[in-house]
Ligand code: LLP
């Protein structure tokens with residue numbers, strides 16, 4: 001479900017006409033739907049109500065303050081990956097006791113900051129990282145809770161750039177090493193071994209890889225239990241796929257059916273880290289047609305948004321549905337939808353069938369709530385675009401457009417060049 005729909009011929013977000021938003025923001029811009037975020041969050045909460053998990057939204061998928069605040073109000077915690085994300089979550093009002101921190105490259109500065117803020121768990125990704133956290137915690141006279149992120153060596157069927165759960169990937173700790181660590185927990189005076197974590201990848205549409213990975217981690221947990229080591233948490237990561245085109249992903253309810261029996265048997269407090277499932281369909285990207293070009297071989301629809309604003313199509317070959325803000329009847333034509341950037345990789349769609357559009361028409365890329373604005377850059381000296389946040393009949397800007405001054409304010413010309 002998402003709350004972007006036509007009323008008559010015009011595209012709306014909840015009860016707001018998107019054309020009215022664009023009048024205020026200009027183009028390109030992102031539009032986010034409050035109700036869609038809450039609806040998806042609630043779907044997971046309901047499906048897993050039996051075990052009342054802690055749902056830590058993966059804020060790497062969308063870290064806009066309005067999104068974070070909406071999810072905090074709904075009861076979410078956060079899965080973070082940097083001190084910047086931690087600070088932003090706290091700025092939005094997050095409870096540090098609902099924050100888990102995974103990253104293969106946590107720096108001393110990040111570890112110290114997270115210890116001082118009292119986050120719930122460090123999801124530890126290597127033996128040297130564990131040594132480092134133990135040393136730093138000791139220096140600050142603290143004991144910190146960690147979960148070992150297990151690399152279960154399970155390959156999930158998705159695009160290669162987002163597979164994380166095999167031993168060819170940099171993530172997590174292999175089971176042999178994890179076993180060795182757990183045999184010498186006493187060595188780590190400032191660590192409390194509180195849990196296990198597993199995250200095998202993103203945009204996974206079937207249940208089997210999740211079941212397989214969770215089973216492997218539970219087998220490991222059972223072995224630990226026999227040696228007298230009792231844990232508190234099992235963090236099963238994120239990765240639930242959504243519909244961009246014709247995928248048939250498992251619903252939250254189906255996912256729960258698949259994994260709940262396994263999770264219940266552990267007796268542990270379950271943590272989940274969905275990102276895309278909550279934010280993916282809660283955002284769209286709106287861009288304006290600048291030119292139409294036909295070179296005899298191909299037609300190009302040239303728009304004012306570029307790969308710097310939304311890079312998933314060029315980076316992963318991802319599909320985003322494209323719809324006009326005003327419905328158009330009539331013949332559809334095959335065209336490439338491209339931006340103004342100086343690269344052939346600057347496209348949103350190739351050979352896409354679209355209605356006959358003309359200069360100044362507005363189009364929207366759907367499914368642009370996860371891993372879109374967060375991955376944008378200032379390439380070609382283009383500022384970040386505004387974000388409008390809609391709730392019911394209301395909307396407001398939750399990010400304003402970056403100006404030229406914003407873009408140059410951190411740069412200096414060295415004196416010796418003058
Ligand atoms: N937990 C951890 C430890 C993660 O690394 C991730 C995503 C998640 C949770 C959330 O996964 P999700 O539920 O959103 O699938 N930029 C790529 C996706 C990268 C995913 C990174 N990690 C894309 O645009 O498809």
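Where a number appears in this text, it was derived from the coordinates with a stated rule and is not lab data. Remember, it's a predicted structure, so these values are computed and weren't measured experimentally. Glycine also receives a Cβ, built like all others from the backbone with ideal geometry; neighbour counts cover every protein chain displayed.
Against the longest principal axis of the chain, how steep is helix 127-139, in degrees 0 to 90 to the nearest 10, with axes from Cα atoms?
Approximately 70 degrees, to the nearest 10.
Starting from the 7 Å offset along Cα-to-Cβ, what nm value, one decimal, do you get for the label separation of residue 333 and residue 415?
5.9 nm
For the stretch 225-341, what is Rg from Cα atoms divided by 2.2 N^0.38 Å, rounded to two decimals?
Normalised by 2.2 N^0.38 Å, the Cα Rg of the stretch 225-341 equals 1.63.
When a footprinting reagent is the concern and you count Cβ atoms within 10 Å, what order do 347, 416, 78, 57 take, fewest first?
On the way: 347 18, 416 5, 78 31, 57 34.
Fewest-to-most ranking of 347, 416, 78, 57: 416, 347, 78, 57.
Sum -39500 (n - 2.57) across every DSSP H segment of at least 4 residues in the chain, then divide by the residue count to get the 222 nm mean residue ellipticity, nearest 500. Mind dumping the intermediate values first?
Details: 12 runs with 121 residues, N = 418.
After summing the helix terms and dividing by the residues of the chain, the value is -8500 deg cm²/dmol.
In the stretch 146-162, whose amide N lies under 15 Å from the spot 7 Å out along Cα-to-Cβ of residue 206? List them in ranges.
The answer is 154-159.
Can you sort 216, 17 so the residue with the fewest Cβ neighbours within 10 Å comes first?
With the sparsest Cβ surroundings first, the list reads 17, 216.
Roughly how many Å is it from the Cα centre of the stretch 5-68 to that of the stretch 277-308, as a whole number?
21 Å
Please give the Cα centre distance for the stretch 243-273 versus the stretch 148-181, rounded to the nearest Å.
Each part's Cα centre sits 19 Å from the other's.
Using 0.36 nm times the number of residues separating residue 291 and residue 87, minus their current alpha carbon distance, what extension gain do you get?
Here the answer is 69.3 nm.
Using Cα atoms only, what is the angle between the long axis of helix 252-266 and the major principal axis of the chain, expressed in degrees (0 to 90) to the nearest 10?
With both axes taken from Cα atoms, the answer is about 10 degrees.
Which distance in Å, rounded to a whole number, links the C-alpha centroids of the stretch 375-406 and the stretch 117-139?
36 Å
Can you give the three extents of the C-alpha atoms in the chain along their principal axes, from longest to shortest, in whole Å?
The Cα atoms of the chain stretch 70, 63, 42 Å along their principal axes.
What residue among 29, 56, 342 has the largest mean-square fluctuation in a Gaussian network model of the chain, using Cα springs under 10 Å?
Residue with maximal mean-square fluctuation among 29, 56, 342: 342.
What do the square roots of 5 times the Cα gyration tensor eigenvalues come to for the stretch 63-274, in whole Å, largest first, as semi-axes of the equivalent ellipsoid?
Semi-axes (√(5λ), whole Å): 26, 22, 16.
With springs connecting C-alpha atoms under 10 Å apart, model the chain as a Gaussian network and identify which of 209, 157, 261 has the largest mean-square fluctuation.
For the chain, modelled as a Gaussian network with Cα springs under 10 Å, the answer is 261.
Compare 315, 65, 86 in a GNM of the chain, Cα atoms joined below 10 Å, and give the one with the largest fluctuation.
Top of the fluctuation ranking is 315.
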